[in-house]
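The values are calculated or read from the model by the stated rules, or taken from the named source; none is laboratory data. Just so it is clear, the model here is predicted, and its values are computed rather than measured. FYI the Cβ positions are ideal-geometry reconstructions off the backbone, even for glycines, and counts take in every protein chain you see. The accessibility values were calculated without ligands, DNA or RNA, using every heavy atom of the protein model including side chains. Shrake-Rupley method; radii C 1.70, N 1.55, O 1.52, S 1.80 Å.
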Amino acid sequence: NALIIGSVFKIIVCNCGHGTKGTVVGVAKGYVGLGAGTYACLFEALRSEEQSNLDFLPMAACLSIVAATVPALLLLPPRNDFFEVASENGLTPLHFHTVYVGLAIQATVIVVTSMLIMLAETFENSSPIGKTTNWVLAILLLAVWMGPILFLLCLPMKYSFEKLDVPERAAFAATKKDMIISEESPLVVVEDQFQDDDVHMDRVTELTLPQMLQTIPAWLLFYTGTILVGAGTLVTNNLGQMVQALDLPVSTVPASLALFSVAQAASRVATGSISEAALNWRVYGNASGVARPVFLLIASLLAFTAHTVLSWSADIVPFVAGVVLTGLAFGMVWPLLVLIVGDVFGAAHLGANYMFYDGSTGAFGTFILSKLLAQAVYEWHVVAYDDDEVEMSKMHTCFGSACFRSTHIIVSALALSCIVTSLGLLSTTRHSYRKERRQITRIE
C-alpha cells in the first residue's frame with residue numbers, strides 16, 4: 001500500500017503542469033477516500049449468506065491484480081522514457097468533468113447502498129444483499145468505479161507530444177527532469193525568479209527525507225497533520241461507542257460512516273482543485289495568491305467546530321452534523337500533505353518525504369487521540385455496577401454524553417493549536433509560494 005501511494009503521487013506531482021497538479025491530486029485522493037466504501041458495498045453485493053467476512057481478502061486481492069497490477073504493467077512507460085512520455089500536460093476540462101461526474105455517482109451509489117443495508121437490518125434483522133449475490137449491484141459498482149477511468153483513455157489530449165520531432169522531444173524531456181520547461185517548448189512556460197533573501201528557504205530545494213526533517217516547516221506540518229488526522233480517526237474508530245453512549249438508534253452508525261466517507265472524499269477533491277486555483281487569486285488587489293497552508297488553517301477551524309459540536313450533542317441531528325464536519329476536515333488534510341511537501345521540499349524525493357507523513361500522522365494521531373485519550377476518558381466515566389445488577393456486557397459500558405465530552409473538548413483545543421502551527425507553516429514557507437517566483441503563461 002505504501003509503495004503504491006508513494007509512487008502514484010510522486011508521478012502526479014512530477015508530471016502534472018501548474019494549474020492541474022492540485023486538481024489531479026485532489027481527484028486521486030477522492031478515489032482513495034471512496035475506495036473503502038466501494039470495496040465494502042461491492043463485497044456486500046457479492047457475498048452470500050454462508051460466506052465469511054474473511055472472504056473479503058481474496059476479493060480485494062483479485063481486484064488489485066486485475067485493476068491495478070495488470071494496467072500498470074501495460075500502460076506505464078519504461079523508466080528510461082518516464083519523463084519523456086509522461087511529461088505531456090494535455091489535460092482538458094472534459095477530463096476533469098468526467099472524473100467529477102464519476103466520483104459523484106460513485107458517492108451516491110455508496111450512500112444509497114449503505115442506507116438500504118441499514119434499513120434492511122433495522123426492520124428485518126437481516127440484509128437482503130447478504131443473502132444472495134446481487135450481480136446487478138456488483139456490476140453497477142464496478143461500472144461507476146472503473147468506467148470514468150477507462151473513459152479517460154479515450155479522450156483526446158490538448159497537446160500532442162508525438163508530433164514533436166526528436167530534438168524537441170529530447171529538449172522537453174531534459175527540461176522536465178529539471179522541473180522547469182524552457183521557453184522554446186510549445187506547451188508551458190515556467191519562469192523562476194528567485195530573490196536573494198535572508199530566509200533559509202528562498203526557493204524550492206530538493207530535500208531528502210533526513211534533510212527535510214531538519215527544517216522547521218517539516219515539523220509544523222507533522223504536528224498539524226497528526227492532530228487533524230487523529231481527530232478524524234477518533235470519530236470513525238469510536239463511532240459505535242459514541243452512538244451507544246448517547247442512546248441513539250443503532251442505524252446511526254452505518255449512516256454516519258457513509259456520510260463521513262462521502263464528506264471526506266468531497267473535501268479531498270475540492271481542496272486539491274481550489275488550493276491550486278487559489279495560487280493565482282488576487283488578494284486585496286495584490287496578485288500574490290493564497291498559499292496552500294491557508295487551507296490547513298481552514299481544516300483546523302473545521303475540526304475545532306466539529307468537535308465542539310460533538311462535545312455538546314445529545315440528539316441525532318447535531319451528532320451527525322459533527323461527524324460530517326469532521327469528515328470535511330479529515331479529507332482536507334490528505335491532498336494538502338502531498339501538495340505542500342512537493343511545493344516546499346521538492347519533487348525529487350517526494351515518495352519518501354510524503355510517505356513519512358502518510359504513515360506517521362495516521363499512526364501517531366490514531367494511537368494518541370483515538371486510542372489513549374478516548375479510551376482513558378471513556379473508562380473514567382464507566383459506572384461501577386455490582387455483578388447481580390446488570391448483565392456482564394454492560395458492566396464496562398459507558399452511558400451518557402460525558403463519555404466522550406472531555407475527549408472532544410481536548411481535541412477542539414488541539415485543533416486551535418493547529419491554527420497557530422498553520423500560521424507558522426505559512427510564514428516559514430512564504431517564499432515557496434511567492435507569486436513572483438513562478439509566472440505561468442501558455443503559448444497559444
>> Among (1) under 15 Å from the mean Cα position of the chain (by Cα); (2) more than 28 Å from V25 (Cα to Cα), there is one condition L239 misses while meeting the rest; what is its number?
In response: (1)
>> V269 - would you say it is touching a Ser or Thr at 6+ places or on another chain (Cβ under 9 Å) and buried (at least 24 other Cβ atoms within 10 Å of the Cβ)?
In response: yes
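Matching residues to (1) among the aromatic types (F, W, Y); (2) farther than 16 Å from V111 by Cα; (3) open to solvent by 10 Å² or more (accessible area, probe 1.4 Å):
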position	(1), (2), (3)
V229	no, yes, no
N238	no, yes, yes
Q244	no, yes, yes
V250	no, yes, yes
S261	no, no, yes
A265	no, no, no
> Considering V294, V309, which residue is touching a Leu at 6+ places or on another chain (Cβ under 9 Å), modelled with pLDDT of 95 or more, open to solvent by 40 Å² or more (accessible area, probe 1.4 Å) and among the aliphatic types (A, V, I, L, M)?
Replying inline: V309
> helices (runs of 4 or more DSSP H) wholly in the range 68-150 with at least 1 residues that are open to solvent by less than 80 Å² (accessible area, probe 1.4 Å), modelled with pLDDT of 60 or more and farther than 29 Å from A266 by Cβ - which ones?
Replying inline: 70-75
> Of the residues that sit in the range 319-354 and are within 13 Å of the chain's Cα centre (by Cα) and open to solvent by 10 Å² or more (accessible area, probe 1.4 Å), which one is nearest to S275 (Cα to Cα)?
Replying inline: M332
> Mind checking which residues of the range 356-377 are at pLDDT 90 or above and in contact with a Phe, Trp or Tyr (Cβ under 9 Å, 6 or more places away or on another chain)?
Replying inline: F356, Y357, S360, T361, F364, A374, V377
> Mind checking which pairs have a first residue in the range 210-221 that is at pLDDT below 95 and a second that is among the aromatic types (F, W, Y) and open to solvent by 10 Å² or more (accessible area, probe 1.4 Å), Cβ under 8 Å, 6 or more apart or different chains?
Replying inline: M212/F356; L213/W219; L213/F356
